[in-house]
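Encoded as structure tokens, the structure appears first; notes follow it.
The values are calculated or read from the model by the stated rules, or taken from the named source; none is laboratory data. Predicted model, so just to flag it, every value in this text is computed and none were measured. Every residue, glycine as well, gets a Cβ built from its backbone with ideal geometry; the counts of neighbours run over all protein chains shown. Each accessible area value is taken on the protein alone, full model and side chains, heavy atoms only, with ligands, DNA and RNA left out. Shrake-Rupley method; radii C 1.70, N 1.55, O 1.52, S 1.80 Å.
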Amino acid sequence: GFLYIVAPAAPFLFLIILIGLAALLALKLSNALEAAGPASPSSEAASSKTIDTPAEFRSKLTRLLLDPSISVTLLALFAANAAISCLEATFGLYMQEQFGFTVPQVGLLYVVGAVPSVIGSKVAGPMGNRHGRWKIVMLGLVTQGLFYALGPKSNLAVEVISLVFLGLGMGLVDGCAPALLSQRSTSHHDGTGIVYTLNTMAVQCGFIFGPIVGASIMEAVGFEVMSAVLGLGMVAVSPAMLVNKGMPLPGGE
């Protein structure tokens, strides 16, 4: 509250700094835990592990970020979570103003998107194992983006349909993207655990920047245009997942 009084953007800037520091600490801890290995190593190689030097750690991090398969998957996670967090920050106000919904009614309406999201996360794993995880992430981005942009937003039925498939798309992305990062890390980066921290960073950065950017667009041009911009933005990002098309199906490395 105090930070908002200082400046409306101050709380968000504070969160960015705080999460940035937390991410750096998490990366360092990930490096230390990875080097420590199992409590009772069963091989001489495992027992000989040492903590990476700062230079080695930076080298691992740089190689991960420069790997197109890793970077586009992180981008997909960022885009999907930024869009959904933007919706969470603006949807309630819009429904109250446009349809006269009460706060409890808005809360119940969120369930319409939450349930398909859970279902999407559940089916994403088997679908990814069968068809390729990158395809499911791309499908999730396209689904989420198209139904995010679906209009007119002044029609309640359209809003409900939009929430259902938006949630489903989010579930597909969340259900496959972490496993896709893990698969790439295992096959090309010696299974470094740093990739899991990058996964968390992408999600959290989405939840910071989404409401800031989305609320600014909504304030300038309205909820419907904001939805169209962010939704079509996700669709535009989705073809980047094609860089993973050479990746084998899980278990086929």
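Scan the stretch 242-250 and tell me whether some residue there is on the phi < 0 side of the Ramachandran plot, touching an Asp or Glu at 6+ places or on another chain (Cβ under 7 Å) and either touching a residue at least 12 places away in the same chain (Cβ under 8 Å) or in a loop (DSSP other than H, G, I, E, B) (or both). Break it down stepwise before answering.
The initial filter retains those residues of the stretch 242-250 that are on the phi < 0 side of the Ramachandran plot, namely 242-250.
When the remaining residues are screened for being touching an Asp or Glu at 6+ places or on another chain (Cβ under 7 Å), the result is none.
The answer is no; no qualifying residue exists.
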Are there any pairs, at least 6 apart or on different chains, whose C-beta atoms fall under 6 Å, with the first in the stretch 214-231 and surrounded by fewer than 19 Cβ atoms within 10 Å (Cβ to Cβ) and the second basic (K, R), and if so, which?
E224/K153
Only one of A236, A157 that is under 15 Å from V72 (Cβ atoms) and at pLDDT 90 or above:
A236
Just a yes or no: is a residue in the stretch 242-250 open to solvent by less than 50 Å² (accessible area, probe 1.4 Å) and either touching a His at 6+ places or on another chain (Cβ under 8 Å) or among the hydrophobic types (A, V, I, L, M, F, W, C) (or both)?
yes
Name the residues in the stretch 97-117 that are surrounded by 13 or more Cβ atoms within 10 Å (Cβ to Cβ) and not small (G, A, S), would you?
Q98, F99, F101, Q105, V106, L109, Y110, V112, V115, P116
Looking for something surrounded by 18 or more Cβ atoms within 10 Å (Cβ to Cβ) and of a type in the set (A, V, I, L, M) - is there at least one such residue anywhere in the stretch 151-162?
no
Residues of the stretch 179-204 satisfying the condition of being open to solvent by 50 Å² or more (accessible area, probe 1.4 Å) and of a type outside the set (S, T, Y):
H188, D190, M201, Q204
Could you look through the stretch 118-147, keep only residues that are of a type in the set (A, V, I, L, M) and buried (at least 23 other Cβ atoms within 10 Å of the Cβ), and pick out the one that is farthest from V237 (Cα to Cα)?
A124
